[in-house]
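The values are calculated or read from the model by the stated rules, or taken from the named source; none is laboratory data. Since this is a predicted model, take the numbers as computed values, not measurements. Counting neighbours? That spans all protein chains shown, and the Cβs are built from the backbone with ideal geometry, glycine included. For the accessible areas, the whole protein counts, side chains as well, though only heavy atoms, and no ligand, DNA or RNA atoms are used. Shrake-Rupley method; radii C 1.70, N 1.55, O 1.52, S 1.80 Å.
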Amino acid sequence: MASKTDIPTKSGVFATVGPAYLDIVDRERSVPWWRDLVGLHVVGEDGDTVAMGVDGEPLLFLRERATRPVRRGFSGLYHVAVHLPDELALARFLARLLAARVPFSPTDHLVAKSLYLSDPDGLGLEVTLDTPERVKVARWAEDGREPELIDADGQRRSGLDPLDLEAILDTLPDDDVWQPVPTGTRLGHVQLSVPDFEEAYSFYRDRLGLLQANHVRSIGWGDLGGGGPLTHLVALNQWQGAGAPPRPPEMAGMDRFVLHYASQDRLDAALGKVDDATERDDGWLVHDPAGNSIILRAAA
């Protein structure tokens, strides 16, 4: 169930993420949730692992290896983010959430329209539509408590505005909301809770070579990009507390995620700056300072 990834280098993108490997408690409960509600396809099975994705390509691997759900107070996965290609796909997903009466938090970040929820084991999921065309100014000072966001009409925005759900639902052309996600859906980013924000941020920037985007020391949050117009590839926060321990192995969480580089040169540059790289059949295994596992690959 290996995956291939083609990175569009003409757009300036030199790195992408995905798939991610999630340890779950019960596949009979989780697989229908990710298939029917989120809209992913089952694209492969191998023992205790089910691959979920689109167009035959896995975005997530669900591994039935945990025995208890997520609890707060540990470092590790904060959420995975499924990025949809258009407003219609977002509208269909929103309609499914409302029909199934699943709790969720809708947020208008201006740079994206996002719906936040948790899977049956408490694993965080963001389903989002990137909307860079709505943004005129987007910056966040390191010591700032909130970003400076100005939309395309010149209006100041908070980045945490209520999402206009009615406007999204108005784009639905029919009542067939249970269609799976369309071509173009991808695992766009991961957000991690780490015990030391500065140490983790430096690792992804200075060793793995990702580009600094937001680095907001005042709230213990930041993100890094892999080139192109969208900077949100890996996000980091210290919201589970300084020194938060890694999740216990029996607790649901993320085992690892894949970071694809657009070229062998990019991969080699990263490998030359990490100390614990181990070659495997699926790439090079490295660990960030918080203990999160990352598979580094050069994209096909």
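Any residue that is more than 16 Å from Asp86 (Cα to Cα) and touching a residue at least 60 places away in the same chain (Cβ under 8 Å) - is there at least one of those in segment 145-153? Checking segment 145-153: at least one residue is more than 16 Å from Asp86 (Cα to Cα) and touching a residue at least 60 places away in the same chain (Cβ under 8 Å).
Of the residues making up segment 154-171, those that are of a type outside the set (D, E, K, R) and closer than 18 Å to Val127 by Cα are Gly159, Leu160, Pro162, Leu163, Leu165, Ala167, Ile168, Leu169, Thr171.
For a quick check of your reading: which strands (runs of 3 or more DSSP E) sit entirely within segment 197-288 and have at least 1 residues that are in contact with a helix residue (DSSP H, G or I) (Cβ under 9 Å, 6 or more places away or on another chain) and open to solvent by less than 40 Å² (accessible area, probe 1.4 Å)?
By residue number, 211-216, 221-225, 234-237, 253-261, 283-287.
The set of residues in segment 133-168 being surrounded by 13 or more Cβ atoms within 10 Å (Cβ to Cβ), closer than 21 Å to Thr185 by Cα and modelled with pLDDT under 95 consists of Arg134 alone. For segment 206-218, the criterion of being without any contact (Cβ under 8 Å) to a residue 24 or more places away in the chain and not polar (S, T, N, Q) is satisfied by at least one residue.
Any idea how many residues of segment 20-44 are assigned to a helix (DSSP H, G or I) and either surrounded by 21 or more Cβ atoms within 10 Å (Cβ to Cβ) or not acidic (Asp, Glu) (or both)? So the count comes out to 10. The residues in segment 97-118 that are within 16 Å of Leu37 (Cβ to Cβ) and open to solvent by 10 Å² or more (accessible area, probe 1.4 Å) can be counted, and the count is 12. Would you call Leu169 farther than 30 Å from Lys273 by Cα, in contact (Cβ under 8 Å) with a residue 12 or more places away in the chain and of a type outside the set (Lys, Arg)? Here the answer is yes, as Leu169 does meet what is asked. Of all residues in segment 53-83, those being touching a helix residue (DSSP H, G or I) at 6+ places or on another chain (Cβ under 7 Å) and either surrounded by fewer than 22 Cβ atoms within 10 Å (Cβ to Cβ) or polar (S, T, N, Q) (or both) number 1. A single member of Leu60, Leu90, Leu94, Leu117 is without any contact (Cβ under 8 Å) to a residue 60 or more places away in the chain and within 30 Å of Thr171 (Cβ to Cβ), and it is Leu117.
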